[in-house]
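Structure first, then comments.
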Ligand code: FAD
Ligand code: NAD
């Protein structure tokens, strides 16, 4: 093993948590290393998650729009055909650009990158094993585990890294599946199901629960299911998948107490689990909890002094922006003595058509907690910009405390919901009331006016309805 190199901070994992935290630590004057096993930095999000999925969602939406709705605008395109190879190439180019961008940011911020599998080697030490087996030991006072998450397998589903695949395969198929069965009506299932539906596949979603998008505001999820059904998705709810296997050029999906389904492709999307394999947590006396997460306190400290964990590998929503916030707060706490993330204010966005976005509490949460609230709702169908865009499905719903009027939550289903939610998240971070949002001047005509009108509606004063 080569001579021990020392740093102030070492990140294990170069995803949104690891790379963002490494850059922030460097900005704060720390000598930083980041260990990443994949050649390309950026983690699940940039390589096989957020970025490639959004690229394909955008491209497939353009395809569908050109084929179906542009004529309503008086734009005529004949013989619209799909060039999937170019679509996939564009996606790859975007991934390459963004992952390469992080390598550039590391150089700029003087973050030392180690290519290999990192493992803890007692407090203060990390051993990096390169692809060729060479081991390098590095040391730091602060080691931050940011190893992310991996797909949750399902007993009986025989993944073949191709036609019975996970999101990684479903992002890379080079031909449109004839019939795609999606196991899991969650975020991945609906986003990637939408991509292939738009490109021409028959899509069946099998969901264990009696609703899709568990945990999302029920009114929003109900409308979403109705709209996705209208687009052509076939939902089978309350079904338990017991297996999936290749049978010649078909795939057979077995369901408990129901007939098996024959299809061409399967996407397994029943959740993700923390990735701690091979980390040698035991060398520092760290044990994972029953969910496989690394337990941490409010400052992201594990049970071992000097070892921290952030992102998908700990509790909280498995989202890229949450992972980034964790890592920045962890580093700032180490260097400055202060750092905090309010998980109640982490927005969640589903990039379907229409988009779905939520922040804070849902109506179900508030009812369960017996918090009395007032609700203001406003439809996109009554908004000039939405009508001009031709995207009028959906609504904005704002929930405010019945006594104080403080905004407690917001759910949006409609065009650019993922961008619109930022206003409400910022307002909530400042402890705003619905009246504060209602009295803020919003540009006309803009989709943001729907947020303002929903805030007005909390007090029964929406104007344009
Ligand atoms: P990861 O991004 O998983 O990064 C961990 C990194 O650590 C990986 O690069 C891995 O190779 C590396 N690693 C693991 N073990 C070791 C080791 N021992 N040594 C060295 N390196 C190691 N979230 C959103 O917010 N918005 C989205 O639109 C979105 N879309 C998604 C779409 C898909 C298909 C998927 C699968 C996920 C999506 N997510 C999205 C979730 C998001 O990708 C994750 O929440 C986010 O990547 C978590 O960041 P992280 O840094 O904690 O972990
Ligand atoms: P998910 O938790 O969103 O959905 C999984 C679904 O599978 C649930 O509805 C669950 O009830 C269902 N399920 C579980 N077991 C089943 C079974 N045996 N048969 C049928 N259905 C079953 O998980 P996901 O969609 O795999 O996404 C994983 C993570 O990635 C999520 O935590 C999500 O936050 C993140 N992600 C986020 C985005 C985004 O922010 N836009 C996009 C993709 C992924």
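The values are calculated or read from the model by the stated rules, or taken from the named source; none is laboratory data. A quick note: this is a predicted structure, and the numbers were derived from the prediction, not measured. Ideal geometry is used to build each Cβ from the backbone, glycine not excepted, and the neighbour counts take in all protein chains shown.
Pick from the stretch 273-285 the residues that are within 20 Å of residue 318 (Cβ to Cβ) and at pLDDT 95 or above: which of them is farthest from the chain's Cα centre (by Cα)? Per the stated criteria, the residue is 281.
Would you kindly identify the strands (runs of 3 or more DSSP E) lying entirely within the stretch 123-171 that contain at least 1 residues that are over 22 Å from residue 278 (Cβ atoms)?
Values: elements: 125-129, 135-145, 149-151.
Because the criterion is at least 1 residues that are over 22 Å from residue 278 (Cβ atoms), the strands (runs of 3 or more DSSP E) in the stretch 123-171 that meet it are 135-145.
Selection of first residues in the stretch 127-151 that are at pLDDT below 95 and of second residues that are in a loop (DSSP other than H, G, I, E, B), restricted to Cβ pairs under 8 Å at least 6 apart or on distinct chains, gives the following pairs, ordered by first then second residue: 131/116. When the stretch 62-121 is filtered for residues that are in a loop (DSSP other than H, G, I, E, B) and touching a residue at least 12 places away in the same chain (Cβ under 8 Å), the ones remaining, listed by number, are 69, 80, 82, 109, 110, 111, 116, 121.
Any residue in the stretch 433-454 that is surrounded by fewer than 18 Cβ atoms within 10 Å (Cβ to Cβ), out of contact with any strand residue (DSSP E or B) (no Cβ under 6 Å at 6 or more places or on another chain) and not in a loop (DSSP other than H, G, I, E, B)? Yes; the residues of the stretch 433-454 include at least one that is surrounded by fewer than 18 Cβ atoms within 10 Å (Cβ to Cβ), out of contact with any strand residue (DSSP E or B) (no Cβ under 6 Å at 6 or more places or on another chain) and not in a loop (DSSP other than H, G, I, E, B).
Among residues that are assigned by TED's automatic domain parsing to the domain that holds residue 297, more than 16 Å from ligand 2 (Cβ to nearest atom) and either touching a strand residue (DSSP E or B) at 6+ places or on another chain (Cβ under 7 Å) or touching a residue at least 60 places away in the same chain (Cβ under 8 Å) (or both), residue 383 is not included. Looking only at residues in the stretch 220-233 that are touching a strand residue (DSSP E or B) at 6+ places or on another chain (Cβ under 7 Å) and buried (at least 16 other Cβ atoms within 10 Å of the Cβ), the one that is nearest to residue 160 (Cα to Cα) is 233. Kindly evaluate residue 244 against the criterion of being away from ligand 1 (no atom under 16 Å from the Cβ), assigned to a strand (DSSP E or B) and surrounded by 20 or more Cβ atoms within 10 Å (Cβ to Cβ). Judged against the criteria, residue 244 is a match. If I filter the stretch 172-189 down to residues being part of a loop (DSSP other than H, G, I, E, B) and within 16 Å of ligand 2 (Cβ to nearest atom), which single residue comes out as nearest to the chain's Cα centre (by Cα)? Once the filter is applied, the top-ranked residue is 186.
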